[in-house]
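The values are calculated or read from the model by the stated rules, or taken from the named source; none is laboratory data. None of these values were measured; they are calculated from a predicted model. Using ideal geometry, Cβ is built from the backbone for each residue, glycine included, and neighbour counts are taken over all protein chains shown.
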Amino acid sequence: MLSYGEARQKVIEAVSARCGRPGEETLPLAGALGRVLGEPVAADRPYPPFHRATRDGYAVRAVDVRSVPATLEVIGEIKAGEAFFGEVGPSQCAEIMTGAAVPPGADAVVMVEHTRPAGRRVTVERSVEAGANLVPCGSEARAGDVLLSPGARLGYAELALLGQVGRIRVRVSRRPRVAILSTGDEVVPIERAPGPFEIRNSNSVSLAAQAAMVGAEPVELGNAPDRLEELRRLIESGLEQDVLVLSGGVSMGKYDLVEQVLRELGAEFFFDAVAIRPGRPAVFALCKGKPAFGLPGNPVSTMVTFELFVVPALDVLSGAPPRPLPLFKARLAAAVKQKVALTHFLPAEVSWADGVPTVRELPWQGSGDVAALARANCFLVVPETRLEWAAGEWVNVLPRRGTL
């Protein structure tokens, strides 16, 4: 049985090598948040486009304030965005504001708090080196430099950079469309009152949310009953999208029919179980050129396996490198002990008392306990190679997406 790391790598390799990308579209800058860039973006001019002051004060020649106190003539004032046509000569300076262009002749800025102004003269009380408190023209980027490359995911900093260079529209990868299909005769729509032995279709809600959170477009197909003909029809419909994600129907029971239908449709299977809990009976296949994931039906299992295996496939289909799992270390608040030699992802809560991350497993009743996961902000990861950990030891933690 594969480890979760091995299974995750198989997904990345198979989707990268054998699945086509969804294509590209051009969007207004305001609509590009979270999308993946499809073209290089170059600087339209040097940045900064002038020697930029980083402090309020006086633009000076450093040689004139080598010995302090030094009294200089103030030849003018320079505001950010305004032109200044003078030149700073010996024993002269110009009052300057943060963000303004340092004038010719000056090579440093003295901070205002280190001066004593008196009319058209100012006494400088602290010396500065050439280059102090200014950013040289072109030091951030030269005209024509590539600032963003295809495959970059556009966050707020990237959008600001696009705005800085005047890009009001940008070419991005189209969002992968994810068909979401739950299975099982016991599953009813969330708006319907369930019978005594039925459950509402919460998996479709959580999977659609997880898909949207990582930049994909969910396409909800509802629920397939445990009948081959209807399941086959809905799976074939799902394979018209870029990715198919099913929940339920992948264990060893008489009515677990997902793998049978995928096999009849010519699927190539890469794994049908992973050494994790929850989520052991997870399936990944390529069917009709599309990634198909069969996730366990229990809600926490579904959420964990989507994060581990579906997310990297969506990253690749978006045209971006797969994001690594954002594991970090935290100190155990209480001992943890597991019995089965699998990697365990336990609902947990991490906090930062005194700046030190501390994690505590939450009480839970197994992979159907959505209420416990809603109280959690992370998963405590217990590796299959070591199942007992003492309080105070440092362990791996996987954030629950969107909570930290």
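Determine whether residue 334 is closer than 19 Å to residue 296 by Cα, aliphatic (A, V, I, L, M) and not in a strand (DSSP E or B). For residue 334, the condition - closer than 19 Å to residue 296 by Cα, aliphatic (A, V, I, L, M) and not in a strand (DSSP E or B) - is not met. Kindly establish whether residue 277 is buried (at least 18 other Cβ atoms within 10 Å of the Cβ) and of a type in the set (Lys, Arg). Judged against the criteria, residue 277 is a match. Annotation note: Cβ proximity below 6 Å between a residue of region 78-98 that is at positive phi and at pLDDT 95 or above and a residue that is buried (at least 16 other Cβ atoms within 10 Å of the Cβ) and not in a loop (DSSP other than H, G, I, E, B) (sequence gap 6+ or interchain) occurs for 91/64; 91/72. Of all residues in region 40-75, those satisfying the criterion of being touching an Asp or Glu at 6+ places or on another chain (Cβ under 9 Å) and surrounded by fewer than 16 Cβ atoms within 10 Å (Cβ to Cβ) are 42, 63, 68, 69.
Looking across region 306-323, the residues that are crowded, with 21+ Cβ neighbours inside 10 Å and over 16 Å from residue 401 (Cβ atoms) come down to 316, 317, 319. Scanning region 157-178 for residues that are among the charged types (D, E, K, R), within 30 Å of residue 290 (Cα to Cα) and not in a strand (DSSP E or B) yields 174, 175.
Please state which one of 54, 26 is of a type in the set (Ser, Thr, Tyr) and either modelled with pLDDT under 95 or under 23 Å from residue 172 (Cβ atoms) (or both). Let's see the steps before the verdict.
Values: 54 fails: either modelled with pLDDT under 95 or under 23 Å from residue 172 (Cβ atoms) (or both).
Within the list 54, 26, the selection yields 26.
Within region 4-19, the set of residues being in contact (Cβ under 8 Å) with a residue 40 or more places away in the chain and either assigned to a helix (DSSP H, G or I) or not assigned by TED's automatic domain parsing to the domain that holds residue 285 (or both) comprises 4, 7, 8, 10, 11, 12, 14, 15, 16, 18.
So which of 149, 173, 182 is within 19 Å of residue 32 (Cα to Cα), crowded, with 20+ Cβ neighbours inside 10 Å, polar (S, T, N, Q) and touching a residue at least 40 places away in the same chain (Cβ under 8 Å)? Spell out how you get there, then give the answer.
Details: 149 fails: crowded, with 20+ Cβ neighbours inside 10 Å; 182 fails: within 19 Å of residue 32 (Cα to Cα).
Matching residue, one of 149, 173, 182: 173.
Scanning region 224-278 for residues that are touching a helix residue (DSSP H, G or I) at 6+ places or on another chain (Cβ under 6 Å), within 18 Å of residue 308 (Cβ to Cβ) and not in a strand (DSSP E or B) yields 250, 278.
I'd like the full set of residues that are outside any helix (DSSP H, G or I) and more than 23 Å from residue 269 (Cα to Cα), limited to region 295-320.
Across region 295-320, the qualifying residues are 319, 320.
In region 28-56, the qualifying residues are those that are in a strand (DSSP E or B) and within 20 Å of the chain's Cα centre (by Cα), and the one that is farthest from residue 94 (Cα to Cα) is 36.
Filter region 296-354 down to the residues that are of a type in the set (D, E, K, R) and within 15 Å of residue 389 (Cβ to Cβ) and list them by number.
Restricting attention to region 296-354, the residues satisfying the condition of being of a type in the set (D, E, K, R) are 307, 315, 323, 329, 331, 337, 339, 349, 354.
If the condition is that a residue be of a type in the set (D, E, K, R) and within 15 Å of residue 389 (Cβ to Cβ), then 329, 331, 337, 339 are the ones that fit.
Taken over region 342-376, the residue count meeting the criterion of being in contact (Cβ under 8 Å) with a residue 12 or more places away in the chain and exposed (fewer than 12 other Cβ atoms within 10 Å of the Cβ) is 2. Can you tell me which residues in region 213-252 are surrounded by fewer than 18 Cβ atoms within 10 Å (Cβ to Cβ), acidic (Asp, Glu) and touching a residue at least 40 places away in the same chain (Cβ under 8 Å)? Selection gives 217, 220, 240.
If you take the residues in region 99-144 that are assigned to a loop (DSSP other than H, G, I, E, B) and among the acidic types (Asp, Glu), which one is surrounded by the fewest Cβ atoms within 10 Å (Cβ to Cβ)? Going through the qualifying residues, I end up with 129.
Return yes when residue 326 is surrounded by fewer than 24 Cβ atoms within 10 Å (Cβ to Cβ), within 21 Å of the chain's Cα centre (by Cα) and more than 18 Å from residue 396 (Cβ to Cβ) and no when it is not. Full working, then the answer.
Details: surrounded by fewer than 24 Cβ atoms within 10 Å (Cβ to Cβ): yes; within 21 Å of the chain's Cα centre (by Cα): yes; more than 18 Å from residue 396 (Cβ to Cβ): no.
So residue 326 does not fit the description; no.
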